[in-house]
Amino acid sequence: MRPVDLETTEDIVRTRGRLLGDLSWRLVGVLGVLLAVLEAQAQAANELRHRTPDEQGPTGATLDVRVSADGTMRLDGVVSDSSSVSRSVRSHIRRQPSGSVRFGTERGLPYEIYIQHLDTLKAAYLAEWDEISLRDYGILYERLKSSARDAVRAEIPLGIVLEEPRTDH
C-alpha cells in the first residue's frame, strides 16, 4: 500500500466541500426564485377565481353591448341587466381607459329603451369621471370648469361607439 498524503486528501475534500456548498447555495437561490414565481402565479389565479364575473370583466380593448328589439341587453354575448352592465363597463373603463364600448341594437327597439340603455353606458363613464374629479379637485365632474373637465376626459375619454341598428343579432 502506498502512503496517502493527508494534506492533499484534506485539500481535495475541502475543495470539493466548497464547490458543493457553493453549488447548493446557488441551487437554493434558484429554487427560491422559482417558488416565489409559482406562489405569485398561484395567488393571482386564486384571486381571479374568487372574483365575480362583473369584477373579472371582459379582457379585450372593446366591450360589446347589444340590445335586442325586445330590450334584452347582452354583454359580450351574455344576457345582462342594466346594473350588471354598468358595473362591467366601469370595470372595463378602469382597466382600459382608452378602450371602447361598442353599442349596437336591433331594428325595432323603441327609441325610449335605446336612450335608457345609452344613458346606462354614459352614466358609467360619468361615475368614473366623478371619481377622478373628486380625487384630483375635490368636487364632482359636473361642477368642474371646462379646462378641468378636459383634463379628466383626457384620462378617460368617452369611448362609446354607436353602431347602426341591425335587422338581426
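Note that segment 87-104 has calculated 3J(HN,Hα) couplings of 4, 5, 5, 4, 5, 4, 4, 5, 6, 10, x, 9, x, 9, 10, 8, 10, x Hz, one per residue in order, obtained from phi through the Karplus relation 6.51 cos²θ - 1.76 cosθ + 1.60 (θ = phi - 60°); glycine and proline are x. Viscosity 1.002 mPa s, temperature 20 °C: Stokes-Einstein D of segment 94-153 from its Kirkwood Cα radius, in µm² per second? Rounded, D is 162 µm²/s.
The order of SER83, SER68, SER91, going from fewest to most other C-beta atoms within 10 Å of their C-beta, is SER83, SER68, SER91. What is the order of LEU126, LEU158, fewest Cβ neighbours within 10 Å to most? The order, fewest Cβ neighbours first, is LEU158, LEU126. Cα extents for segment 58-162 along the principal axes, largest to smallest and rounded to whole angstrom: 42, 29, 20.
Residues whose amide H falls under 5 Å from that of SER100, counting only those 5 or more places apart or on a different chain, are THR62, LEU63, with hydrogens built in the peptide plane.
Look at the alpha carbon pairs under 8 Å that are at least 6 residues apart: their mean separation over the length of segment 58-162 gives a relative contact order of 29 percent.
A short reminder: the numbers here are calculations on the coordinates, not readings from a lab. It should be emphasised that the depicted structure is a prediction, and the values quoted were computed from it without experimental measurement. Positions of Cβ are generated from backbone atoms using ideal geometry, with glycine treated the same way; all protein chains shown enter the neighbour counts.
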